[in-house]
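The values are calculated or read from the model by the stated rules, or taken from the named source; none is laboratory data. Fair warning: this is a prediction, and the values are worked out from it, not measured in the lab. All Cβ positions, even for glycine, are placed from backbone atoms using ideal geometry, and neighbour counts span all protein chains on display.
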Amino acid sequence: MESYKIYLEEKDMPTHWYNIQADLPMPLDPPLNAKTRKPAGPADLTPIFPEPIIMQEVSQERWIEIPGEVAEIYKLWRPTPLVRAYNLEKALDTPAKIYYKNEGVSPPGSHKPNTAVPQAYYNKVSGIKRLTTETGAGQWGSALSFACNFFGIECVVYMVKVSFDQKPYRKTMMQTWGGLVYSSPSSRTSAGRSILEKEPDTPGSLGIAISEAIEDTVTTPGTKYSIGSVANHVLIHQSIIGLEAKKQLEMTGDYPDVIIGCHGGGSNFAGISFPFLQDKLTGKKDIKVVAAEPSACPSLTGGVFAYDYGDTIGTTPLFKMFTLGHTFVPPEIHAGGLRYHGAAPLVSALLNHKVIEAVALRQNACFEAAVIFARAEGIIPAPETSHAIRAAIDEAIKCRETGEKKVILFNLSGHGLVDMFSYEKYFAGELLDYDYPKEAIEKAMKELPV
């Protein structure tokens, strides 16, 4: 009988995270101090991060040990299953083999706890009592609330206004785990007040929410900031996804020809792909790795590779990344976790050197793919994940047309059980499509700091 799910035992869970910086073919461009424009050092990050996080952020070590306390909490849902999508293959009539790593089985329902738990742990051992953060669709905010609950840390979340309104049950999830949630932009910070004064009806953005969270951090004693994507240490923590998937695929005798992850800031894309990219970077394998992003916020396919702020107000260091401009506010798509103006510096460097590829996809096409997947595999995916599914289906259809028997792997980074308002809009024909927002991007590009 064919096995649909490939499991690892808890004892086989990876003991170390993978840091791709050790295998990069080029040095990563350093972040710059926003005032001096000189390379930023660890001291520039101490106002917002604890020392253990900063050390991981700048680490060049290939393997970083997973603390025992983190591994114990990981066991609540890890290792996650790798699933052979037999029913989807049949529905598409494709000769391709399709696998997906199901990160939606975590308690908050996404891949985000993979970094939320270690971040909460490192802050706890550093004596931090309060964390602030931003969240788009609420996946990250709920994951950090979940993690802070285990370590007795207060969690304050600035949730992008459009998602705050579209996804009320994500707010409820955060509150269930003790999180305090505010719609962003808010009147709690000077950054929020200044933006509301200029544009009272703004839908908000991750850049704005980051500005508020960082301002809260630096003005409140005993507080640090926690980020759910983009940063090097976040991508390191997420590598556990791909490390498990490599072990699981070895059990099947398969190795992926194509690896796909949806892309907003880069965390789940990096999580599934970076451990496999080690094989590509060291010359062991030749694989196609695709980041699937929304056409409404196409940082990788429509942005420029330049130094820019990570937030809207300009309080962070400057990072070399693909960016649409830090003042860009994306259209109100339902994949709120993908509404970020920039991309992780590590992901950006790999794209700039053509190690990976990127594709921009429209909202309705992604929901169409989500429904195809749900009717074949039974799982209702989050709108963010639907981008990876769309790209995987497109690859499988190409195989049907060419007869190639490729192995396709994608990351199912979250379930959509609290995203049903989005699906309701789709079935009612009320889900809008957004093309490349040319004018808004051009305006934001003029305000790049460098």
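Does at least one position in segment 400-409 carry a residue that is crowded, with 23+ Cβ neighbours inside 10 Å and not in a strand (DSSP E or B)?
Taking segment 400-409 first, the residues crowded, with 23+ Cβ neighbours inside 10 Å are 408-409.
From what's left, not in a strand (DSSP E or B): none.
No; the residues of segment 400-409 include none that is crowded, with 23+ Cβ neighbours inside 10 Å and not in a strand (DSSP E or B).
Each row is one residue, and each column tells you yes or no for (1) in contact (Cβ under 8 Å) with a residue 40 or more places away in the chain; (2) surrounded by fewer than 24 Cβ atoms within 10 Å (Cβ to Cβ); (3) of a type in the set (S, T, N, Q).
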| site | (1), (2), (3) |
| --- | --- |
| Ser273 | yes, no, yes |
| Thr282 | yes, yes, yes |
| Gly302 | yes, yes, no |
| Ile313 | yes, yes, no |
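State yes or no: is Ala191 modelled with pLDDT of 95 or more and either in a helix (DSSP H, G or I) or closer than 30 Å to Tyr100 by Cα (or both)?
No, not satisfied.
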Out of Tyr436, Tyr426, report the one residue that is in a loop (DSSP other than H, G, I, E, B) and among the hydroxyl-bearing types (Ser, Thr, Tyr).
-> Tyr436
Need at least 2 residues that are over 24 Å from Pro27 (Cα atoms) per element, so show me which strands (runs of 3 or more DSSP E) inside segment 289-382 make the cut, counting only ones lying wholly within it.
-> 357-361
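Residues that are under 27 Å from Ile128 (Cα atoms) and in contact with a strand residue (DSSP E or B) (Cβ under 6 Å, 6 or more places away or on another chain): which strands (runs of 3 or more DSSP E) entirely in segment 29-116 hold 3 or more of them?
Numbers: elements: 63-65, 82-84, 97-102.
Result: 63-65.
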Looking only at segment 144-183, which residues are part of a helix (DSSP H, G or I), surrounded by 19 or more Cβ atoms within 10 Å (Cβ to Cβ) and hydroxyl-bearing (Ser, Thr, Tyr)?
-> Ser145, Ser163
Looking at this structure, is Gly141 crowded, with 23+ Cβ neighbours inside 10 Å, touching a residue at least 12 places away in the same chain (Cβ under 8 Å), closer than 25 Å to Phe421 by Cβ and more than 19 Å from the chain's Cα centre (by Cα)?
-> no
For residues that are in contact with a strand residue (DSSP E or B) (Cβ under 6 Å, 6 or more places away or on another chain), more than 25 Å from Ala147 (Cβ to Cβ) and outside any helix (DSSP H, G or I), tally how many sit in segment 218-269.
-> 6
